[in-house]
Amino acid sequence: MDQNNNNNMDENGNNKTSPDSSSISSNEDGKYDTTPQEKEQIERVRAKFLERTDKKPEQFYEQDIDLVKTNEWWTLRFIKWHKGNEDKALKQMINAFKWRKSFGLYERNVNDIPNEFAKAAAFFPYGFDRKGRPMIYIRVKVYRKIQQLNIFFQQFVVGIVNHIDALGGRKGYAFVFDVTGMGIINIDFDFLQFLVQLIQNYYPYGLRYAICYNVPKVVRPLWSVAKIFLGSSVRTFQFCNTREELLKFIPPQWLLRYMGGECDFDFTDFEEVRGAPSVREVGPKYGFTPAEIEKYYKIFEGSIAEAALLSKGQPV
């Protein structure tokens, strides 16, 4: 996945390619203009950040330094997250951009991950809500904790979040948790903690809300725990069990057909990861034996077949 995708943002952090706002109702958050007070805060925090990058440039990507210089949202988001506390905002901002370099954000691409992650459709980006925010879908029943593949899945998730965060800009983005068929095997608090740290520490003030689809009432207490984990990174959880409830947030043309919408997008074959190799191709590169590779492929096989049917609106 191309993770260097911030060129579609204007200097205020607004995306220049998102849907025409005239066709989308939007009164939440008001307009995305920066106030005079915010501009002063941005200048102070940004100047101190650039002082740090001048002293230790090896800790940061050059393109991230340019990003901070040209896109004020990448300073303002930390200020807003800390409710105007500039010292805390600066500290988190420095740590976030150091993490991007240490994680190798711009050095990873589709050749580093197995395409089965995409074909199984556990975590994928698609469409916009009624306020023009891009969305990320998480099909919980597909997720499996495989220790040996954790780092690859984390890379996959970071790539998608980075892409969608840039696409959303100051509008932010939304999660859609599809809990249909979820079982105990799909519960992984380590991954939840990773996801929380990702969106709170490194992409603060991006995730605006989460839709929880098909959550049985008996499981809702568990989602209350998840809400505690996510904390203030999500303003609200919305439980939706019907097409009508989903349509309050997602226009029918963007709602996937298997959820009752009109969209026939093949979410197992999205463009950003289309060139990724199979686990059978990438496995030897990282020292996996043929037996291990077949074992991991078998884990994905059923989910891939199911996702292929769902993406065509067919029953499973």
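Every number here is computed from the coordinates shown, using simple stated rules; none is lab data. Every value quoted in this text rests on a predicted model; they were computed, and no experiment measured them. Positions of Cβ are backbone-derived with ideal geometry, glycine not excepted, and every protein chain shown enters the neighbour counts.
Which peptide among 163-175, 98-110, 71-83 comes first, and what is the full order, when sorted by highest mean count of other Cβ atoms within 10 Å?
With the highest mean Cβ count within 10 Å placed first, the list reads 163-175, 71-83, 98-110.
How would you rank V316, V196, V215, going from fewest to most other Cβ atoms within 10 Å of each one's own Cβ? Show your work: numbers first, answer last.
Values: V316 11, V196 18, V215 21.
Exposure proxy ranking, most exposed first: V316, V196, V215.
Over the range 88-214, what lengths in whole Å, largest first, do the semi-axes of the equivalent ellipsoid take, defined as the square roots of 5 times the eigenvalues of the alpha-carbon gyration tensor?
Output for the range 88-214: semi-axes of 22, 19, 14 Å.
Rg and Dmax of the range 110-311, using alpha carbons, in Å: what are they?
Considering the range 110-311 through its Cα atoms, Rg and Dmax are 16.4, 48 Å.
So, in nm, how far is label D33 from label R257 when the simple model puts each one 7 Å beyond its Cα toward the Cβ?
Going by the 7 Å Cα→Cβ label model, 4.4 nm.
Calculate the translational D of the range 31-106 in whole µm² s⁻¹ from Stokes-Einstein, where the hydrodynamic radius comes from the Kirkwood formula applied to all Cα pairs, the temperature is 37 °C and the viscosity 0.692 mPa s.
Working: Rh = 12.5 Å.
So the translational diffusion coefficient is about 262 µm²/s.
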